[in-house]
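Below: the structure, in structure tokens.
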Amino acid sequence: TTVGVPRESGVGERRVALVPKVVEKLVARGVGIVVESGAGLGALIPDDLYVAAGATIGDPWSCDVVVKVAPPSTEEIGKLRSGATLIGFLAPRTAPESLATLKAAGVVGFAMEAIPRISRAQSMDALSSQGNVAGYKAVLLAAERSTRFFPMLTTAAGTVKPAQALILGVGVAGLQALATAKRLGARTTGYDVRPEVADQVKSLGAQWLDLGIEAVGEGGYARELTDDERTEQQKRLEEAITGFDVVITTANVPGRKAPTLVTAKAVEGMRPGSVVVDMAGESGGNCELTEPGEVVVKHDVTIASPLNLPATMPEHASELYARNVSSLLELMLDKEGALAPDFDDEVLAKSCVTREDA
Ligand code: NAD
């Protein structure tokens, strides 16, 4: 089997689907790796490290399997040959038209975001690996934009109180944000509509904010709130938020627009100089005043909505992603390293989103 690694074409996409360490492992497994020249450059990984790991530099698009990070452009889909396998984030929920193009091109597509979140597939869970990177980076961004310290300081010039940081939506990214804010010295509080998160929040030394609204949905995710619940939640959050210097929001409901948790009124109630980092910008944002991709100041509060945060920490994001991809690949390889996906396997059946006969 040959596996091709193209250079990502998306604006600002600095990740790469395989890193040299993982290439080495796959080569040992009998897989041939072809890396496009410059594929690792966004992550500052030069071609010669790939060559040293056993890859060749060449045209990745004629390989049996092409591994990518971002969904393919129309032009990239055109370079895939019929019968080829494509592994990457394919945005099956948000870009159904590109799935149709892939299927018409005879490409077998595996979407990393469609891998079921079961224990056996944890090593392949790219939503989690990238969520971790994003949660960490969101806190650094908040610290950079804050007009205040995170840690408590006792100095000759006086004492500085520690920042109060509130994380709204405590899934994978939120847990990492709580841990990171704590390491920087902030007092942390977590909030979610899934009550089982309370113990995880407390185990990270954070307070649990209980607003008395539960909304557990399917598969461990939250469900969308009813109109009444949403109004109630926004009202209670408006009161709670006033005491926080930093608010980081990560709330998402699969396939829906992100819920509005932080209203304009809530922002108005924050102390001047406070920061909101809205990590849900890609799905519309959790803050009413968010402008996706921008940093704005409203009511003297900075509201940042960074997009594609994992791409801003490309080496480790790529390394973790590459392990996810290679675990999925391993599942499709037989003993000799030949591609032999068993579509009765739940992980492959669910993550395969385009196939000739399906
Ligand atoms: P996500 O990105 O879809 O959402 C982030 C958080 O926002 C979630 O915790 C969600 O409950 C919360 N949220 C949604 N609407 C909200 C609202 N109106 N108010 C407040 N909070 C709201 O979530 P995720 O990080 O992808 O994780 C979701 C679930 O998947 C979690 O239960 C996690 O434990 C589970 N998971 C399981 C595995 C596994 O078993 N292998 C791996 C990773 C994640």
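Read-outs: derived from the displayed coordinates by stated rules, not from any lab. Please read all numbers here as calculations on a predicted model, not as lab measurements. Cβ atoms come from the backbone with ideal geometry, glycine included; neighbour counts cover every protein chain shown.
Restricting the count to DSSP beta bridges whose residues both fall in region 145-286, what percent are antiparallel, rounded to a multiple of 5?
Roughly 20 percent of the beta bridges in region 145-286 run antiparallel, per DSSP.
What ranking do 53-63, 314-324 get when scored by the average of other Cβ atoms within 10 Å per residue, highest first? Don't skip to the end; give the middle numbers.
Values: 53-63: 17.5, 314-324: 22.4.
The packing order, highest mean first, is 314-324, 53-63.
Once both axes come from the Cα atoms, what is the angle between helix 227-241 and the longest principal axis of the chain, in degrees from 0 to 90, rounded to 10?
60 degrees
In whole percent, what relative contact order does region 249-348 give with Cα contacts below 8 Å and a gap of six or more residues? Don't jump to the answer; show the numbers that get you there.
Details: 142 pairs, mean separation 19.8, N = 100.
Result for region 249-348 is 20 percent.
For region 286-358 and region 41-76, what is the separation of their C-alpha centers, rounded to whole Å?
Using only Cα atoms to place each centre, the spacing works out to 17 Å.
Got the relative contact order for the chain handy, in percent, Cα pairs under 8 Å and 6 or more residues apart?
19 percent
At a 10 angstrom cut-off on C-beta neighbours, averaged per residue, how do the peptides 73-83, 204-214, 248-258 rank from highest to lowest?
248-258, 204-214, 73-83
If you fit an axis through the alpha-carbon atoms of helix 172-183 and take the longest principal axis of the Cα set of the chain, what angle between them do you get, 0 to 90°, nearest 10?
50 degrees
Using only the alpha-carbon atoms, how far is helix 314-332 inclined from the longest principal axis of the chain? Give it as 0 to 90 degrees, nearest 10.
The answer is roughly 50 degrees.
Rounded, prolate or oblate: pick one for region 71-225, where a ≥ b ≥ c are the square roots of the eigenvalues of its C-alpha gyration tensor, a/c under 1.5 means rounded, and failing that, prolate if a/b is larger than b/c, else oblate.
prolate
Show me 172-178, 129-135 ranked by packing, highest mean number of other Cβ atoms within 10 Å first.
172-178, 129-135
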